[in-house]
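The values are calculated or read from the model by the stated rules, or taken from the named source; none is laboratory data. Computed from a prediction, not measured in an experiment: that's the story for all the values here. Cβ placement follows ideal geometry from the backbone for every residue including glycine, while neighbour counts extend to all protein chains displayed. Ligands, DNA and RNA are excluded from the accessible area calculation, which covers all protein heavy atoms including side chains. Shrake-Rupley method; radii C 1.70, N 1.55, O 1.52, S 1.80 Å.
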Amino acid sequence: MNINNQLDELFGQWRMHDACTEGIFIPDGYVDEEAWSGAMLKLMVLLKEVNSSDAGWDLQQFVREKGYLKESSTWPVLLRWTYGILNGFPEYSEVEQRYLDVKEEADEFLRKVYFANVKKIAGGAKANHTDVEHHIQETGELLLQQIRVVNPDMVLCCGDVIFQGVHELLKRSGPHRFELKQTSGGLEYIMWDDIQTVFIRYHHPNAYYPRAMSYAYLMKEIQKILS
């Protein structure tokens, strides 16, 4: 069974979970399996929740239709991060110099990334961390199953609440099956033995950090993890 069929079955279970029956359930969309299978590094980006309350909206369709070109905060940062990770970790100045080209190329390289939300119920413009924590606790086994199905090499956890939630899930599922580590530069990450996946702890793209510093630090520390 291919990845998307497995995800459809999983989302069917997720939709019926008690924690998800009070709102509009919005699945994460589809993997571009051809692009995913050809990626040198299979990157999953884990976000908090969907802002849209429109039934039928999905994240992968948003990417396919280039909705990121109209978005002014989260996606310009995500474009830089994902481009850098998938294209040899170029310097920030290089990315900025050719950012117009990066946006044009995004339709191709974003197909190699799987974007997911830990909370599948539509939220608001600003995520409520208590709600996000609750959903991770209640639907955590489904989240881990989703990650197993997608089988990424790396999961970029965009927000402390996500990384901490995943850490707690892994402790519940078996503390001997993962290892919490830290780079020499202080970036925390988890090596999950089940599927040989690394979880990276990083801030949300909208966090108030200088863009150049945020990009450069992430690229430098990921290279240490991969080396």
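How large is the direction-averaged shadow of the alpha-carbon convex hull of region 170-227, in nm²? All intermediate terms of the calculation are to be shown ahead of the outcome.
Working: hull surface 18.9 nm².
The orientation-averaged projected area of the Cα hull of region 170-227 comes to 4.7 nm².
Which whole-number percent gives the relative contact order of the chain, counting Cα pairs below 8 Å spaced six or more residues apart?
26 percent
By its C-alpha gyration tensor, with a ≥ b ≥ c as the square roots of the eigenvalues, how is region 122-227 shaped: rounded for a/c under 1.5, else prolate for a/b larger than b/c, else oblate?
Verdict is oblate for region 122-227.
Rounded, prolate or oblate: which one fits region 40-117, using the alpha carbon gyration tensor with axes a ≥ b ≥ c (rounded when a/c is under 1.5, else prolate when a/b beats b/c, else oblate)? Don't jump to the answer; show the numbers that get you there.
Working: a/c = 2.02, a/b = 1.61, b/c = 1.25.
In terms of gyration-tensor shape, prolate.
Once every DSSP H run of n ≥ 4 in the chain is given -39500 (n - 2.57) and the sum is divided by its residues, what mean residue ellipticity at 222 nm do you get, rounded to the nearest 500 deg cm²/dmol? Mind showing how you got there, number by number?
On the way: 9 runs with 107 residues, N = 227.
Using -39500 (n - 2.57) per qualifying helix, the result is -14500 deg cm²/dmol.
Normalising by the residue count of region 168-216, find the relative contact order in percent from Cα pairs under 8 Å and 6+ residues apart.
21 percent
With a 1.4 Å probe and all protein chains kept in place, how much accessible area does Lys66 have, in Å² rounded to the nearest 10?
Lys66 exposes around 80 Å² with every protein chain in place.
Amide H of Tyr30: which non-local residues (sequence gap of 5 or more, or other chain) have their own amide H closer than 5 Å, using H built in the peptide plane?
Here Gln60, Gln61 satisfy the definition.
Give me the percent of DSSP beta bridges within the chain that run antiparallel, rounded to the nearest 5. Write down the numbers at each step before the final one.
Values: 10 of 25 bridges.
Just about 40 percent of them are antiparallel.
With every protein chain left in place and a probe of 1.4 Å, what is the accessible surface of Leu226, to the nearest 10 Å²?
That residue has around 90 Å² of solvent-accessible surface.
For region 86-168, what is the convex hull volume of the alpha-carbon atoms per residue, in Å³?
141 Å³
Which three semi-axes in whole Å describe the equivalent ellipsoid of the chain, each the square root of 5 times a Cα gyration tensor eigenvalue, listed largest first? Before the final figure, lay out the partial values.
On the way: eigenvalues 128, 90, 60 Å².
Over the Cα atoms of the chain, the ellipsoid semi-axes are 25, 21, 17 Å.
For the chain, what % of the accessible area comes from carbon and sulfur atoms, probe 1.4 Å?
Roughly 46 percent, rounded to a whole number.
Can you check what the net charge comes to around Glu188, using other residues whose Cβ is under 15 Å from the Cβ of Glu188 (Lys, Arg +1; Asp, Glu -1)?
Summing Lys and Arg as +1 and Asp and Glu as -1 gives +1.
For the chain, report the accessible area per residue in Å² (1.4 Å probe, heavy atoms, rounded to an integer).
48 Å²
Give me the accessible area of His17, 1.4 Å probe, in Å² rounded to the nearest 10.
Counting only protein heavy atoms, the figure is 50 Å².
Counting other Cβ atoms within 10 Å, which GluC sites (Glu not before Pro) in region 1-38 have at most 15 and lie in a DSSP loop?
Sparse-neighbourhood loop GluC sites (Glu not before Pro): Glu22.
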